[in-house]
Amino acid sequence: MQQVNLGMIGGGTVGSGVFHALRQNGGLMASRIGVNVAVRKVAVKTFDEPRPYEISRALMTTDWREVVNDPKIQIVSELVGGTTLAREIILSALKLGKPVVTANKALLSAHGEELFATAKKYGANLYYEASVCGGIPIIKSLREGFVGNRINALYGIVNGTCNYILTRMKLEGADFAEVLADAQKLGYAETPPDLDIEGHDAAHKIGILASLAHGFWVAPEKIHVEGIRHVSALDIKFAGELGYTIKLLGIVKKCSDACRVQVSVYPTLIPNSHVLASVNHVFNAVFVRGDIVGDTLFYGRGAGKDATASAVLSDLADAALDLKFANKHRIPPFVPHECKGAVLPINEIISQYFVRLNVVDKPGTLAKIAAIFGQSKIGISSVIQPEGHEGKSVPLIFMLHYATNGAVSNALKKIGKLPVIKGKPVMLRVENFE
């Protein structure tokens with residue numbers, strides 16, 4: 001059986017997970033693809049760093065260049081993370097014509113265009129299934145399974161930390177800070193947790209998926225990003241009473257203007273009847289709507305050493321087959337095919353809205369608020385003033401008809417200045433998947 005030699009850079013949680021998975025199922029993979037992937041060398045930070053699975057000391061080095069420059073190593077895996085050293089490692093390997101497997105979504109988000117251009121220039125390939133949604137094969141599906149489809153919409157719950165927090169808040173009626181503290185104790189959230197809860201991790205992933213789906217590279221700064229820190233137990237409670245569940249949703253949606261695409265990440269009200277509303281705890285899901293295939297759903301674990309290792313092994317199998325057949329049968333890692341594509345500014349997107357205000361409970365309050373919405377040509381579909389709330393201010397809930405984000409934001413600025421409004425208005429968008 002033909003053998004290809006793998007050089008691994010990174011031997012921590014993910015790296016040792018991949019090493020273990022290859023030891024466990026490498027023979028199975030070889031029997032299926034006709035090529036044996038053998039680990040020749042593993043670059044690590046230190047030999048004695050804690051890792052979930054043991055790596056033979058004889059295979060380890062602390063110099064990543066020993067891996068990349070070894071002429072007997074044919075495939076390189078980058079599993080160190082970050083956007084500086086990892087970039088240097090991948091570029092060095094690609095310039096030697098070696099295929100690279102990475103799980104690094106932050107690096108791809110920031111430097112994807114450069115990396116893909118380098119791969120093309122030097123006749124190498126770059127594989128990145130593990131960069132988005134762990135073990136869910138969404139990259140391969142967009143690149144290959146849906147190659148004959150225009151992607152009209154893509155909706156993703158792609159951050160397990162945020163999904164865990166929002167799920168607990170809904171099921172237990174708990175406050176954000178309390179659940180976040182538990183998530184950190186359980187290892188679901190980092191300290192500090194900002195990359196996850198502010199939506200940036202999800203934005204990295206959604207930007208990659210948007211680029212693949214629409215054929216132009218989406219720059220990170222073009223993506224509108226909101227996190228879940230401002231979502232309260234009260235918002236989740238009222239959303240539930242209205243028949244909705246709040247999720248941090250990544251949205252990639254074609255607009256009426258064929259060249260422009262909405263690419264955004266924000267907390268969203270989803271109808272309880274929709275399948276994404278039932279994706280709970282640390283699980284991820286991506287809902288894809290193609291013009292030919294229709295609606296499809298991908299569901300599974302989006303992070304963790306085993307889910308990530310599964311995706312890395314898939315890429316290693318593809319890279320091994322590329323070497324066996326001299327790169328003649330694979331789709332390139334990214335093909336720019338829509339040169340006029342652009343991201344729609346957030347203020348131009350059209351949505352429905354959930355608005356929560358804290359108001360002074362006295363006559364005329366509702367009329368003043370409704371007048372501002374009316375002047376802004378924003379329709380009100382329902383108003384709820386829940387019973388059982390007493391004090392200097394009470395909650396007032398509005399569900400608004402379709403309007404531009406800019407119009408609603410401007411109206412809320414005016415409403416926020418009314419003397420009867422206490423605190424900053426809360427606005428969440430509603431997605432009905434129409």
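The values are calculated or read from the model by the stated rules, or taken from the named source; none is laboratory data. None of these values were measured; they are calculated from a predicted model. Positions of Cβ are generated from backbone atoms using ideal geometry, with glycine treated the same way; all protein chains shown enter the neighbour counts. Ligands, DNA and RNA are excluded from the accessible area calculation, which covers all protein heavy atoms including side chains. Shrake-Rupley method; radii C 1.70, N 1.55, O 1.52, S 1.80 Å.
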Spherically averaged projected area in nm², based on the convex hull that wraps the Cα atoms of segment 191-286: 7.3
Distance from segment 103-167 to segment 377-434 (C-alpha centre basis), Å: 36
Three-way shape label, segment 65-150, alpha-carbon gyration tensor, a/c 1.5: prolate
Antiparallel content of DSSP bridges confined to the chain, in %, to 5: 65
Cα gyration tensor category, rounded, prolate or oblate, for segment 277-434 with a/c compared to 1.5: prolate
Whole-number percent relative contact order across segment 1-77, with pairs defined as alpha carbons under 8 Å at least 6 apart: 45
Residues A326 and I292, FRET efficiency given R0 of 35 Å [Cβ-Cβ distance, rounded to 0.05]: 0.65
Accessible surface of the chain, 1.4 Å probe, proportion on carbon and sulfur as whole %: 52
Two-decimal Rg to Rh for segment 381-434 - Kirkwood Rh, Cα set: 0.99
Cα convex hull volume per residue for segment 142-200 (Å³): 125
For peptides 3-15, 265-277, sequence by mean Cβ density within 10 Å, most packed first: 3-15, 265-277
Two-site label geometry, K413 and D194: point separation in nm, points 7 Å out along Cα→Cβ: 2.6
Relative contact order [Cα under 8 Å, 6+ residues apart], segment 261-372, whole percent: 25
Entries of K45/K205; K72/K205; K121/K324; K237/K422; K170/K392 with Cα pairs more than 22 Å apart: K45/K205; K72/K205; K170/K392
Rule-of-thumb Rg ratio for segment 212-343 [Cα; 2.2 N^0.38 Å; N residues]: 1.31
Expected-Rg normalisation [2.2 N^0.38 Å, Cα atoms] applied to segment 230-279: 1.35
Whole-Å distance, taken between Cα centres, linking segment 262-295 and segment 58-100: 36
Descending semi-axes in whole angstrom, ellipsoid equivalent of segment 1-137, from the Cα gyration tensor: 21, 18, 16
Farthest toward positive dipole pole in segment 267-385 [+1 Lys/Arg, -1 Asp/Glu at C-beta], among V293, C339, V312: C339
Relative contact order of the chain, pairs being alpha-carbon contacts under 8 Å that are 6 or more residues apart, as %: 16
Packing rank of 71-77, 159-165, where each peptide gets the mean count of other beta carbons within 10 Å, highest leading: 159-165, 71-77
Alpha carbon centroid spacing (whole Å) that separates segment 337-376 from segment 6-49: 51
